[in-house]
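Before any comments, here is the structure.
The values are calculated or read from the model by the stated rules, or taken from the named source; none is laboratory data. From a predicted model like this one, the values you see are computed outputs, not experimental measurements. FYI the Cβ positions are ideal-geometry reconstructions off the backbone, even for glycines, and counts take in every protein chain you see. Calculation scope for accessible area: heavy atoms of the full protein, side chains included, ligands and nucleic acids excluded. Shrake-Rupley method; radii C 1.70, N 1.55, O 1.52, S 1.80 Å.
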Amino acid sequence: MNLQTQWLTLVWMLASGTFMGIAFDSYRVVSGQLRFPRWSVNLLDLFYWIASALFVFRMLYHVNQGELRFYVFLGLFLGVWIHFLFLSVLTERFVVNLIRIVRRIYGFGVRLMYLTLVVPIKWLWKGFRLLLGFLWILIIFLGRVTLFPIWKLLAWAFRPILNALHIPDRLRKSREYVVKSWRHWRGKDQE
C-alpha cells in the first residue's frame with residue numbers, strides 16, 4: 001500500500017469517525033426527546049453500533065480494499081474526538097431544532113386535517129340533525145293539523161255505534177284515558 005492510499009484512508013476514517021459522532025449525538029438527542037421505553041434503549045444501541053461498524057467497514061473497503069492498520073483506528077478516534085470537541089453542541093442544537101420543526105409541521109398537518117376533514121363532517125352532521133329535527137316538527141305539526149280533525153270526525157261518527165255496543169267500563173275508562181292523554185299532549189287539558 002502506497003503513502004497516498006494510507007493518507008486517503010486516514011482522511012476517510014477521520015470523516016467516518018466524525019460521521020459516527022454526529023450519528024451518535026443525533027441518536028442520543030432523538031432518544032431523549034422521544035423518550036423511548038427503557039427496554040428498547042439497549043436494542044437501539046446495538047443497532048447503532050452494528051450500523052456504525054458496517055458503515056466503517058464499507059468505507060474502509062471502498063478506500064483500501066479493507067486493509068486494517070493502526071492509522072485506521074487512529075483516524076476513527078481522531079474523527080470522533082474532533083466531533084465531540086467542536087461539533088457536538090452544534091449537532092445537538094441542530095437536531096433539537098429539527099425535532100421542533102418536525103413537531104410543528106406535524107401539528108400543523110394534524111390541525112389542517114382536522115379543519116379540512118373533521119370540521120366539515122361535524123357541520124354536515126349538525127345540519128343533517130337540524131334538518132331531521134325540522135322534518136320531525138313538520139310531521140308532528142301536519143299530523144296535529146290534519147289528523148286531529150279527522151279523529152274528532154271519526155269519534156263523532158262512531159259514537160252512536162260505540163254507545164250501542166255497551167262497551168265495558170274497563171275499556172271505556174281506557175278509551176277515556178287515551179283521549180285525556182291526547183288532549184294533554186295537544187296542550188288542551190279539558191276536564
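Side notes on the structure shown:
- Placing R0 at 35 angstrom, the Cβ-Cβ distance between ARG58 and LEU117 gives a FRET efficiency of 0.20 after rounding to 0.05.
- Taking a sphere under 14 Å around the Cβ of ILE137 and counting the other residues whose Cβ falls inside, with K and R at +1 and D and E at -1, yields a net charge of +2.
- Cα long-axis angle, helix 3-34 against the chain (0 to 90 degrees, to the nearest 10): 30
- By accessible area with a 1.4 Å probe, ligands and nucleic acids excluded, highest first: order of ARG183, ARG111: ARG111, ARG183
- Given a 1.4 Å probe and the protein chains as shown, VAL80 ends up with an accessible area of around 40 Å².
- Within-13-Å neighbourhood charge of VAL119 [Cβ basis; K, R +1; D, E -1]: +3
- Charge context of LEU8, other residues only, Cβ under 13 angstrom, K/R +1, D/E -1: 0
- Portion, in percent, of the accessible area of the chain that falls on carbon or sulfur, probe 1.4 Å: 73
- Note on the range 2-52 and the range 116-143: Cα centroid distance 59 Å, given to the nearest whole angstrom.
- Only alpha carbons enter this Debye calculation for the chain, each as an equal point scatterer, and the log10 of I(q)/I(0) it gives at q = 0.11, 0.14, 0.15 Å⁻¹ is -0.78, -0.95, -1.02.
- Relative to the longest principal axis of the Cα atoms of the chain, the long axis of helix 119-164 lies at roughly 20 degrees.
- Label sites at VAL179 and ALA23, each approximated as a point 7 angstrom past Cα along Cα to Cβ, lie 9.3 nm apart.
- Compared with the direct C-alpha span, the chain from TRP81 to PHE128 gains 10.3 nm at full extension, assuming 0.36 nm per residue.
- Ellipticity estimate at 222 nm from DSSP helix runs (n ≥ 4, -39,500 (n - 2.57)) divided over the chain, nearest 500: -30500 deg cm²/dmol
- Relative contact order, percent, the range 1-132 [alpha-carbon distance under 8 Å, six or more residues apart]: 42
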